[in-house]
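Please read the structure below before turning to the comments.
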Amino acid sequence: MKTKASSSEEAAAATDDDDDENGREKGQGVVSFRPCIDIHRGRVKQIVGSSLRDEKSVEEETPETNFETDKKSSEYASMYKRDNIYGGHAILLSKDEETKLAAIEATRAFPGGLQIGGGVTPETATEYLENGASHVIVTSYVFHDGKLDEMRLEKLLKTVGKKRLVLDLSCRRDKEDGNKYKVVTDRWQKWTDLVVDEETLEKLSEKCDEFLVHGVDVEGKKMGLDLDLVELLGKYCSIPVTYAGGARSIEDLELVKSYGRNRVDVTIGSALDCFGGSLKYADVINWHNEQRRR
């Protein structure tokens, strides 16, 4: 593996145009920084995603946490709105009402600017869209017994529409099957048989507006990028795709830009100073804006 060590109407209008809010036509070669707001037990945190486990109650969950703050989700959303950074995601990392309300608070603060993911179903998706989410991000719902459930995917499409759906294909290498990248679901605890490759990306690009892909082997572990995965996404994705996992410097952003063929957007979490890291958020915003001046 190559790694680098080191409001609903407003939202609908925002996603129905051929141009996205980051100043490009979809599919055009301008890379964007995609911000995040990860929420666990109602608080903004940065967690090693692979350390999440389903316990008998939310209170019993003890994931490995890199950062935690009293700052509200809406404050982060307002910051992204101020800086005109669209297309980020608010992720519910726990199944409790406080976390759900915090995610909705964020999308209300930045209508049309944030996507919501984490346990999304057709029943919850409508509420999120009505409260300002531009898209809903879905993984686990569309899988059953380790396989892609086409009927569930079609039900979701009928509820929210292709233009409002992001499919999360977060994956890790299966060492027992030729090191292929396979989608993992349910807090990345369950393997599926869906290989992330040219065929899968081409097929599912007809069913959603974007992909979100966490490199689960490196996410939150401060061990660098999964450049093999970035390269795969840049080669085969025909719709917008965001990579998350291991980015911690401006150099890393340039690597994603290069290996991803100017087609892969990138999320940075725990490395940012606004999440307790050393990389200045302001420098990332400057880099993002610089891409649009070239």
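The values are calculated or read from the model by the stated rules, or taken from the named source; none is laboratory data. Please read all numbers here as calculations on a predicted model, not as lab measurements. Cβ: placed from backbone, ideal geometry, glycine included. Neighbour counts: every protein chain shown.
List every residue pair whose Cβ atoms lie under 7 Å apart, where the two residues are 6 or more positions apart in sequence or sit on different chains, the first residue falls within region 82-99 and is among the basic types (Lys, Arg), and the second residue, located anywhere, is surrounded by fewer than 24 Cβ atoms within 10 Å (Cβ to Cβ).
Close Cβ pairs satisfying both conditions: LYS95/VAL58; LYS95/GLY119.
I'm checking my understanding of the structure. Among residues of region 94-111 that are in contact with a Lys or Arg (Cβ under 7 Å, 6 or more places away or on another chain) and modelled with pLDDT under 95, which one is farthest from VAL213 (Cα to Cα)?
Restricting to residues being in contact with a Lys or Arg (Cβ under 7 Å, 6 or more places away or on another chain) and modelled with pLDDT under 95, the top hit is ASP96.
Restricting attention to region 115-163, report how many residues are touching a Cys at 6+ places or on another chain (Cβ under 7 Å) and surrounded by 16 or more Cβ atoms within 10 Å (Cβ to Cβ).
At the first step, the residues of region 115-163 found to be touching a Cys at 6+ places or on another chain (Cβ under 7 Å) are 162.
Checking which are surrounded by 16 or more Cβ atoms within 10 Å (Cβ to Cβ) leaves us with none.
Going through region 115-163 one residue at a time, the tally reaches 0.
Residue-wise test of (1) surrounded by 13 or more Cβ atoms within 10 Å (Cβ to Cβ); (2) out of contact with any strand residue (DSSP E or B) (no Cβ under 8 Å at 6 or more places or on another chain); (3) assigned to a strand (DSSP E or B).
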site: GLU251; (1), (2), (3): no, yes, no
site: LEU255; (1), (2), (3): yes, yes, no
site: SER258; (1), (2), (3): yes, yes, no
site: ASP265; (1), (2), (3): yes, no, yes
site: HIS288; (1), (2), (3): yes, no, no
site: ARG293; (1), (2), (3): no, yes, no
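If you go through region 234-278, how many residues are in contact with a Leu (Cβ under 8 Å, 6 or more places away or on another chain) and either over 30 Å from GLU68 (Cβ atoms) or not β-branched (Val, Ile, Thr) (or both)?
18
If I go through region 104-133 residue by residue, how many of them are over 11 Å from VAL160 (Cβ atoms), within 14 Å of the chain's Cα centre (by Cα) and not in a strand (DSSP E or B)?
3
Touching a His at 6+ places or on another chain (Cβ under 8 Å) and either assigned to a strand (DSSP E or B) or β-branched (Val, Ile, Thr) (or both) - does that describe any residue in region 206-222? Spell out the reasoning first.
Kept after step one, since they are touching a His at 6+ places or on another chain (Cβ under 8 Å), are these residues of region 206-222: 209-210, 212.
Those still in the list that are either assigned to a strand (DSSP E or B) or β-branched (Val, Ile, Thr) (or both) too: 210, 212.
So far as region 206-222 goes, yes, one or more of its residues are touching a His at 6+ places or on another chain (Cβ under 8 Å) and either assigned to a strand (DSSP E or B) or β-branched (Val, Ile, Thr) (or both).
Residues checked against (1) surrounded by 19 or more Cβ atoms within 10 Å (Cβ to Cβ); (2) part of a helix (DSSP H, G or I); (3) modelled with pLDDT of 50 or more:
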residue: ALA12; (1), (2), (3): no, yes, no
residue: ASN22; (1), (2), (3): yes, no, yes
residue: GLU59; (1), (2), (3): no, yes, yes
residue: TYR76; (1), (2), (3): yes, yes, yes
residue: TYR86; (1), (2), (3): yes, no, yes
